[in-house]
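*Asks:* Submitted below is the structure of interest, expressed as structure tokens.
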């Protein structure tokens, strides 16, 4: 099982200020064979990232305000990370990160998160967009 986990799994960053939501996401990702490279609650937390994520799950309203959109743009520019917004308020995204692939609405399910991550890691095939991953715009 260990080899399959590293092959199929990706490195995922969680950008979320609500501790229980972040814990739930971490549990879903770990159970799905992905490595969580960190959890950051605000824009300042991005400065301490030791490892570049493949995918970032980004909430919009963080501990320091509506800074999720800026965090997403930073992760896209700095690391080229695929961004999946995880929010109840997709209308607040504004200008999406250039690597953003969609929105998973809160409350989310285990399946919606894992399907969105699998889609991102597969290179976003045109035919394979999960139903729970809403397009941007």
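*Asks:* Run the numbers for residue 61 and residue 134: contour at 0.36 nm per residue of separation, minus the present Cα-Cα distance, in nm. Let's see the in-between values first.
*Replies:* Numbers: separation 73, 0.36 × 73 = 26.28 nm, distance 1.87 nm.
Difference between extended and current length: 24.4 nm.
*Asks:* Starting from 0.36 nm per residue, how many nanometres of slack lie between residue 35 and residue 127 once their C-alpha separation is accounted for? Display every interim value, and only then the final one.
*Replies:* Values: separation 92, 0.36 × 92 = 33.12 nm, distance 2.62 nm.
Going from the current span to full extension adds 30.5 nm.
*Asks:* Still on this structure: Nearest 500 deg cm²/dmol is fine: what mean residue ellipticity at 222 nm does the chain get from its DSSP H runs of n ≥ 4 alone, each adding -39,500 (n - 2.57), divided by its residue count?
*Replies:* Working: 4 runs with 44 residues, N = 137.
One gets -9500 deg cm²/dmol as the mean residue ellipticity at 222 nm.
*Asks:* Need one word for the chain: rounded, prolate or oblate. Basis is the Cα gyration tensor (sqrt eigenvalues a ≥ b ≥ c); a/c below 1.5 gives rounded, then a/b vs b/c decides. Intermediate values should be presented prior to the final figure.
*Replies:* On the way: a/c = 1.41, a/b = 1.18, b/c = 1.19.
Because its axes are fairly even, with a/c under 1.5, the chain counts as rounded.
*Asks:* Pull out the extension gain between residue 78 and residue 44, defined as 0.36 nm times the separation in residues minus the alpha carbon to alpha carbon distance; nm, one decimal. Kindly include the intermediate steps, with their values, before the conclusion.
*Replies:* Values: separation 34, 0.36 × 34 = 12.24 nm, distance 1.43 nm.
Value of the extension gain: 10.8 nm.
Throughout, read-outs are computed from the coordinates displayed, never taken from laboratory work. This is a predicted model, so every value here is computed, not measured.
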